[in-house]
1. Looking for something under 20 Å from the mean Cα position of the chain (by Cα) and touching a residue at least 12 places away in the same chain (Cβ under 8 Å) - is there at least one such residue anywhere in region 126-137?
2. Run down 242, 191 and say which single residue is among the acidic types (Asp, Glu), buried (at least 17 other Cβ atoms within 10 Å of the Cβ) and in contact (Cβ under 8 Å) with a residue 60 or more places away in the chain.
3. Could you look through region 268-306, keep only residues that are modelled with pLDDT under 95, touching a helix residue (DSSP H, G or I) at 6+ places or on another chain (Cβ under 9 Å) and not aliphatic (A, V, I, L, M), and pick out the one that is surrounded by the fewest Cβ atoms within 10 Å (Cβ to Cβ)?
4. Can you find a residue that is touching a residue at least 40 places away in the same chain (Cβ under 8 Å) and either outside the structural domain of residue 202 (by TED's automatic domain parsing) or under 23 Å from residue 74 (Cβ atoms) (or both) anywhere in region 270-277?
5. Among the residues of region 74-107, count how many are over 16 Å from the mean Cα position of the chain (by Cα), part of a loop (DSSP other than H, G, I, E, B) and modelled with pLDDT of 85 or more.
6. Pull out all pairs, ordered by first then second residue, where Cβ-Cβ is under 9 Å, the residues are six or more apart or on different chains, the first lies in region 25-45 and is in a helix (DSSP H, G or I), and the second is modelled with pLDDT of 80 or more and of a type in the set (Asp, Glu).
7. Only residues that are β-branched (Val, Ile, Thr) and assigned to a helix (DSSP H, G or I): list them for region 259-281, please.
8. So which residues in region 155-174 are touching a strand residue (DSSP E or B) at 6+ places or on another chain (Cβ under 7 Å) and hydroxyl-bearing (Ser, Thr, Tyr)?
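The values are calculated or read from the model by the stated rules, or taken from the named source; none is laboratory data. The structure displayed is predicted, hence computed values, not measured ones. We place every Cβ from the backbone using ideal geometry, glycine too, and count neighbours over all the protein chains shown.
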Amino acid sequence: MALTKKAYFFSLAVLLFLAVLTVFLSSRADPGFTRQSAVHAQRIAEVQSFLDAVERDADTALYVASYRSFLVLDQEVLYKEDKWVNEDDWSASFDDAYEELVLYGTLVGEPIALTDGYDIEQWLENLDSLTQHLRLDLAITGLEVRARQDDPWHVKTSLTGQLRLHDAFTDSVWDYAFAAETDVPVTLLNDPVYTKGTGQRYAQRITMSPHAPEGPVPVSAMQDHIEEPWYVATGEGVGFLDRLQGRFTPSANGIESLVDVRLMQAIGVLREEAASIVDWQYLVLPETADCVLEGVPEPWALVPASRSDDYACSQP
């Protein structure tokens, strides 16, 4: 049976493919080719392990940078008129200021001692020095930083971007969306309400209550809650990120402490006699209260009657 022109060329193509496949399979049987393939595969596996290590290290670098950035924002920045403002009268949104500190260790372009050298840019420079020795070309671009709270006791920071790595040894390329994430416990941080509410005259570390971290506060521990002070989580309180940004609206991630009025008076922070001693109500948004806390012999130990679910109190 005669072949058509189309069938003829198809047959030639099949024969050519079979010939190439035979040569390829024969070459793989060669010990030298097998060793080269094994080295190639091992190199790719090692580069992948290196990338896994980079991602783990990114979480650690992000933790250090975010923790130090929160300290800077509490210590160096005062909140005013919906803007973060320091003595040089710069202004920026919280997201922008926080991202700049985490990524570059600067605030409005100015180096900050507490974050300088502990930022993501420095981490990338250290990483670049390492990859050059390994004949790897690594770039992580389009970096963005965001902070959020999913629970009252931690602040979550995410770092996202695009990672591209070229291995000169195997001419292989990795290109994918990069992400790192870390949690900073608020118990490692100072409360911005005390920092700002006292005009930076007093710093108060956030300490979780050992008795009732989710409230209500036991009457037997009420005095200790004031003197320590200890913090409780409550939907009537204000979350750490909101405190840092000057937003005093109760939320599901809210926390709060009770102010020791004697201590505030000693440093010159005075309020009216009937002021609520709930921290943000006493120090930032003074509110009149008429419910006396039980278990506390002091006449100034007052909270609003609406807070009796969190703090046992009685109206005179």
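1. no
2. One residue alone meets the criteria, 191.
3. Restricting to residues being modelled with pLDDT under 95, touching a helix residue (DSSP H, G or I) at 6+ places or on another chain (Cβ under 9 Å) and not aliphatic (A, V, I, L, M), the top hit is 297.
4. Within region 270-277, one or more residues are touching a residue at least 40 places away in the same chain (Cβ under 8 Å) and either outside the structural domain of residue 202 (by TED's automatic domain parsing) or under 23 Å from residue 74 (Cβ atoms) (or both).
5. Final tally of qualifying residues: 0.
6. Close Cβ pairs satisfying both conditions: 43/167; 44/167.
7. The one that is β-branched (Val, Ile, Thr) and assigned to a helix (DSSP H, G or I): 261.
8. 157, 158, 160
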